[in-house]
Amino acid sequence: MFWLLISMMKCFTQGRNISARKKNIIEKVKYFQSWQKALCLFSLAFIATIVSCNGKAGDSIFASNPDDSISPVITTRGPMMIMEGEGHDSTFLTKGLKVTDNSGLVKLTIDSSQVKWNQQGTYKVVYTAKDSAQNVTTVTEELRVVGKNEKIIYLTFDDGPSVCTDDLLKILRDEKVKATFFVTAQFSHYIDRLGAIAKEGHEVVIHTYSHDFRIYKSIESYFEDLNKINDLIEKYTGKRSRILRHPGGSSNTINRKYNSDPKFMDKLCVALLDSGYQFVDWNLDSQDASGNNVPVSRLVNSACHTYHNVMCLLMHDTGAKLTTVQALPQIIHYFKQQGYEFGVLNSVDYVCWHGGEKKKERLNALRASMNAEKSGKASKAVPAAPSKPAAKAEVKPVEKPSTKSLEKPSEKKHSSDHHSSHDHHSKKDSEKSTSLKTDSVA
Ligand SMILES: [Zn+2]
């Protein structure tokens, strides 16, 4: 329309001959019509993405394309988890959700009719996407409602697979409990055990490919290492992981040896969360990283505590941790006696961070200031106004406000803080060569 008006004005003001003016206007009208057509198509595609809950969506309103045999792709954030009695709405089910299709015309239905939001249990949520050619994709995810008094212990093993992995698996099998393995590729001889771990129902999640702290040189180098281990996880288990534990924990200080930015770890954490990952520290430490083959009695004394209803216990799976294997049955028996259920870490909704609520606030503030800086750069004419964009930036799909009570804020006493994390992994540095040696002998 704008071009049409301009053209007409030009014709009158410039006094061109009639035929030239007509031709010009016709060309502009044609040009306008082609843009109008494109805009119409774009609007239709936009309107066509319908999200509804509990199967209340209307019927498809689009003419089908018989040549389209490609089904839509649904990407969810994986298994979901909330605490009983916490407020929720349907947006919880769409956090991190992506639906794509070649046609761009997709109707999405989310069936959560089985979910009892205020009753402990594990429920199914069914996501169905249908495109204009009636190609249908269905994805079912679990939603777990954790009871307020439910006791869960997450047994976690870092640094494997190693010479010890099979022994750990046997104990877990005999005891009929599940665990989570934060894996590496540092003991390449055992890498195929990733498949065995997953096959037995344990969770295989990300630690690091190299376990070389130089990954902390930059965000890019961290992600490069992360993608390499996730490729291996996918190769052996058939699925990629979104759960990770940083080498040294999320508040380690060892990263400062490799970069000069005091906010590096926080920036990395924000980048991970914004990419759909969840990082998991620990709120209970077996102390098996305090030396090689720490005496069993010390490991048992360190691990057997019930500070919280939801406990995440740090242990290691390397050739230098043979006593961890020996201590494991006693540790499992203790938590069984205390009435704990053995869970696996598979939901990005579970938050266990060193620093607790303070860390969450700090990361939100950092994200807000980074976004404000970005928007300031984007519009050079308008100076950056940090307050408004900051508020907007705090609402991120990967934030988990509804599950915050899964972790209690005062964990510092029982968790390894960043100094001890640092020490722990400084020791591990020297340990690693021993582990490698032990493993290569085996
Ligand atoms: Zn480690």
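Structural remarks
- Subset of the range 98-145 [of a type in the set (A, V, I, L, M) and part of a strand (DSSP E or B)]: VAL99, VAL106, LEU108, ILE110, VAL125, VAL126, ALA129, VAL136, VAL139, LEU143, VAL145
- Evaluating ARG173 against the criteria (1) away from the ligand (no atom under 16 Å from the Cβ); (2) touching a helix residue (DSSP H, G or I) at 6+ places or on another chain (Cβ under 9 Å) leaves one unmet condition, (2).
- Filter result for LEU272 (within 16 Å of the ligand (Cβ to nearest atom) and surrounded by 21 or more Cβ atoms within 10 Å (Cβ to Cβ)): no
- In the range 117-134, of all residues being surrounded by 19 or more Cβ atoms within 10 Å (Cβ to Cβ) and of a type in the set (A, V, I, L, M, F, W, C), the one that is nearest to MET80 (Cα to Cα) corresponds to VAL125.
- Positions within the range 223-246 being out of contact with any His (no Cβ under 6 Å at 6 or more places or on another chain) and not in a helix (DSSP H, G or I), in sequence order: GLY238, LYS239, ARG240, SER241, ARG242, ILE243, LEU244, HIS246
- Residue within the range 233-247 that is within 14 Å of the ligand (Cβ to nearest atom), of a type in the set (Ser, Thr, Tyr) and in contact (Cβ under 8 Å) with a residue 12 or more places away in the chain present: no
Residues are listed down the side, and each one gets a yes or a no for (1) under 25 Å from HIS202 (Cβ atoms); (2) modelled with pLDDT of 95 or more; (3) within 16 Å of the ligand (Cβ to nearest atom):
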residue: LYS267; (1), (2), (3): no, yes, no
residue: TRP282; (1), (2), (3): yes, yes, yes
residue: GLN287; (1), (2), (3): yes, yes, yes
residue: PRO295; (1), (2), (3): no, yes, no
residue: ARG298; (1), (2), (3): no, yes, no
residue: HIS316; (1), (2), (3): yes, yes, yes
residue: HIS333; (1), (2), (3): yes, yes, no
residue: GLN337; (1), (2), (3): yes, yes, no
residue: TYR340; (1), (2), (3): yes, yes, no
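To keep it simple, each residue is scored yes or no on (1) hydrophobic (A, V, I, L, M, F, W, C); (2) within 19 Å of ASP317 (Cβ to Cβ); (3) not assigned by TED's automatic domain parsing to the domain that holds THR75.
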| site | (1), (2), (3) |
| --- | --- |
| GLU142 | no, no, no |
| VAL163 | yes, yes, yes |
| LYS178 | no, yes, yes |
| PHE187 | yes, yes, yes |
| LEU194 | yes, yes, yes |
| LYS199 | no, yes, yes |
| GLU234 | no, no, yes |
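- Options GLY356, GLY343: the member that is within 26 Å of the chain's Cα centre (by Cα), surrounded by fewer than 24 Cβ atoms within 10 Å (Cβ to Cβ) and within 23 Å of GLU84 (Cβ to Cβ): GLY356
- Some residue of the range 251-260 being more than 27 Å from VAL344 (Cβ to Cβ), in contact (Cβ under 8 Å) with a residue 12 or more places away in the chain and in contact with a Leu (Cβ under 7 Å, 6 or more places away or on another chain): no
- Looking only at residues of the range 84-116 that are at pLDDT 90 or above and of a type in the set (A, V, I, L, M, F, W, C), we find that the one that is surrounded by the most Cβ atoms within 10 Å (Cβ to Cβ) is VAL106.
- Taking the range 189-217 as the range and being more than 16 Å from the ligand (Cβ to nearest atom), farther than 25 Å from PHE342 by Cβ and either without any contact (Cβ under 8 Å) to a residue 40 or more places away in the chain or basic (Lys, Arg) (or both) as the test, only LYS217 passes.
The values are calculated or read from the model by the stated rules, or taken from the named source; none is laboratory data. This is a predicted model, so every value here is computed, not measured. Cβ sites come from the backbone with ideal geometry, for glycine too, and all protein chains shown count toward neighbours.
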